[in-house]
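Below is one structure, written out as structure tokens; comments come after it.
Read-outs throughout are calculated quantities, based only on the coordinates presented, and are distinct from any laboratory measurement. Computed from a predicted structure; not experimentally measured. With ideal geometry, Cβ positions are generated from the backbone for all residues, glycine too; neighbour counts draw on all protein chains shown.
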Amino acid sequence: MKNEEVQICVMRVGGTNCDAETKRAFEGLGVKAEVVHLNALVNRKNLLSYDALVLPGGFSFGDYVRAGAIWAKGIATKLGQDLKRFVEQEKPVLGICNGFQVLVEAGLLPSFDGISRYPQAVLATNEPAGYRCRWVHLKLESRGSCIFTRKIPKTQVLMIPIAHAEGRFMFPKELEKKSLQRLVDNDQLVFRYCTEEGKHAEGEYPNNPNGAFSDIAGICSPEGTIFGLMPHPERAYYGWQLPDWTRRDHVPEHGDGKLILECMTDYLRKKF
């Protein structure tokens, strides 16, 4: 499959606000990306006609009840069987920020034993409480299973922005140790928050911006084809998006976010 043949569905609902910039970032890679409302996928489109699904950031349905819960229920009830087949065909699913919250609420992540009927984790209110919109550093933990990070050097520390009020990744207290071990054993732990030098944040604010358990910023499914992360790679795609670009002697053409999106399109080219 050539880049120009790749068809990516960027799903949106009421409250989504990162769909256009996500679409633009993918188009920068030479692939075709289409913003499609959930209702259109149900009534006029066919999810299975796309090669990849992206759930972008925003505040779906105003984060009413809890972030991502309503969107997740809508996907499960309206697209349940199509989404199951989509995943079984090993097509990539990417959830960014609100999209990550949706994947967790829908039981698509961490999906230790397949898609779960109930959430196995949660993205809770930040600690300290409050909306965070700032750049963070990420340390790659994946050993190769995650298709979204296979081209990223193990030693590279990524700098990508966050923008959320509910990003504190948590497992049930009594299952924390066991669940973390399963993430590690299955190579599902993809990104942890870290210092600029690449040392784990160890829960310390502001390097860990939301109090996430074990500094978790992103995880994938056991197969590596479903990936969710709180930082926004589409907002770190171009060099001019970097927060210090005006002070740099040389502004790079692209930021670190491009690496994640590029890994996904590379997988599609080789797989299909």
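When cysteine pairs in the chain are screened for C-beta atoms closer than 4.7 angstrom, the residues that find no partner are 9, 18, 97, 133, 194, 263.
By the count of other C-beta atoms within 10 Å, a proxy for reagent exposure, 185, 19 are ordered fewest to most as 185, 19.
Sequence neighbours fewer than 8 away in the same chain don't count; with that in mind, list the lysines whose C-alpha is under 16 Å from residue 84. Here the lysines satisfying the reach criterion relative to residue 84 are 73. With the cut-off at 34 Å, report for the chain the share of all Cα pairs above it, as a whole percent. So the portion of pairs separated by more than 34 Å is 10 percent.
Counting other Cβ atoms within 10 Å of each Cβ, which GluC sites (Glu not before Pro) in the range 164-197 have at most 13 and sit in a DSSP loop? Taking the range 164-197 and a limit of 13 other Cβ atoms within 10 Å, the loop GluC sites (Glu not before Pro) found are 196, 197. In the structure shown, the pairs 178/258; 23/45; 91/199; 154/258 are assessed against 25 Å; a Cα-Cα span above that value is assigned to 178/258; 91/199.
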